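The values are calculated or read from the model by the stated rules, or taken from the named source; none is laboratory data. This one's a predicted model, so the numbers in the text were calculated from it and none came from an experiment. Cβ: placed from backbone, ideal geometry, glycine included. Neighbour counts: every protein chain shown.
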């Protein structure tokens, strides 16, 4: 049982096949002959005509392998593809060979997809890290703003406390002065109250008024009266 390995390159067409009449080709239209085009094109035509049965398909990342069966020709088509694009297509009419080729292609998809899977993971990790960096930068900026606000508030609180302390010192001085004044007034009031309630109030001595002096006379002094005799 022959196996045909074909890439996307065209398979040479024999001169005998080119000279077959169209009627003969038309009579065999239900069976696609490998002499027309290459195996990949043949597979596409069968797929477009919905003439294939999908037996197995395995995906690894963006790579895949499929085992397809064409019931009209009893042929098996084994494909290795990437993103729905055929990389290799092998046709065989041997069941065992088709299964073995399929297993080989599945192993190849596992190997080929490893780089793709690693890339997907690395890109996801990079995007996650970038998001975390952006989030942490925003968080850091917010914390810096919060710390700055707290620092300004602390300065305001310190300034207010200093002002309050100074005001308290001033008020304390004013209070002491007021208390001293109050004590002096209280003592004076008590003294006055004691004087007011004392019946033997000593009034301050009043000096008698001095009579005015007689004016000096210019007349001769009068003669002294004679002494009386007993």
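Here is how the numbers come out for the structure above:
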item: Only one of 96, 83 that is at positive phi and exposed (fewer than 12 other Cβ atoms within 10 Å of the Cβ); result: 83
item: Per-region count, the range 69-93, residues assigned to a loop (DSSP other than H, G, I, E, B) and free of Cβ contacts under 8 Å to residues at least 40 places away in the same chain; result: 4
item: The range 137-156 residues that are on the phi > 0 side of the Ramachandran plot and surrounded by fewer than 10 Cβ atoms within 10 Å (Cβ to Cβ), paired with ones that are part of a helix (DSSP H, G or I) and modelled with pLDDT of 90 or more (beta carbon under 6 Å, 6 or more apart); result: none
item: Residue satisfying condition, being without any contact (Cβ under 8 Å) to a residue 60 or more places away in the chain and in contact with a strand residue (DSSP E or B) (Cβ under 9 Å, 6 or more places away or on another chain), within set 66, 50; result: 66
